[in-house]
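For reference, the structure is listed below as structure tokens.
The values are calculated or read from the model by the stated rules, or taken from the named source; none is laboratory data. All values derive from a computational prediction rather than experimental measurement. Cβ coordinates were reconstructed from backbone atoms using ideal geometry, including for glycine residues, and neighbour counts include every protein chain displayed.
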Amino acid sequence: MGPVPSVRAYADFSARYVRDHPGRLIAGYELYTIAARHPQLQPAARRFDAMLYETVSQWSADETACNNLLAVWDGLFVRMPLGIPTSADLIEQMLERALGRR
């Protein structure tokens, strides 16, 4: 794996992605819900989830903190396409708090 992006870099990316590609974000969420109903799709969803966990685990060795961060991220990605204001600054603060750093 290459250099570890900062939490801030992920917050900036997240805010831009929601602004520029809301349809892709919604489609990604829908794929997770489809995988929940179709066992044959679950391995792919689990691999994607493991990749996300591997990324965030580079920010903390605390398994609970990493899972907290992923839960916050999931919640944000469900809410942001609805137009709920979420800036990169707020996303960064929420991710850092989930990691137990603020």
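Could you please let me know if Glu30 is part of a helix (DSSP H, G or I), among the acidic types (Asp, Glu) and at pLDDT below 90? Steps first, answer last, please.
On the way: part of a helix (DSSP H, G or I): yes; among the acidic types (Asp, Glu): yes; at pLDDT below 90: yes.
Spelling it out, Glu30 is indeed part of a helix (DSSP H, G or I), among the acidic types (Asp, Glu) and at pLDDT below 90.
Out of the residues in segment 1-27 that are outside any helix (DSSP H, G or I) and within 18 Å of Tyr53 (Cα to Cα), which is modelled with the lowest pLDDT? Break it down into steps so the answer makes sense when it comes.
Start the filter on segment 1-27 by keeping residues that are outside any helix (DSSP H, G or I), which leaves 1-6, 21.
Pick out the ones that are also within 18 Å of Tyr53 (Cα to Cα) and you get 1-6.
On the way: Met1: 55, Gly2: 63, Pro3: 73, Val4: 71, Pro5: 81, Ser6: 89.
Top of the filtered list is Met1.
Examine segment 40-57 for a residue that is surrounded by fewer than 12 Cβ atoms within 10 Å (Cβ to Cβ) and at pLDDT below 90, and state whether such a residue exists.
no
Please determine, by comparing only the residues of segment 59-86 that are in a loop (DSSP other than H, G, I, E, B) and at pLDDT 90 or above, which one is nearest to the chain's Cα centre (by Cα).
Within segment 59-86, the first condition is being in a loop (DSSP other than H, G, I, E, B), and the residues that meet it are 59-62, 83-86.
Of the ones still in play, those that are also at pLDDT 90 or above are 59-62.
Values: Trp59: 14, Ser60: 15, Ala61: 17, Asp62: 17 Å.
Filtering segment 59-86 for residues that are in a loop (DSSP other than H, G, I, E, B) and at pLDDT 90 or above, the one nearest to the chain's Cα centre (by Cα) comes out as Trp59.
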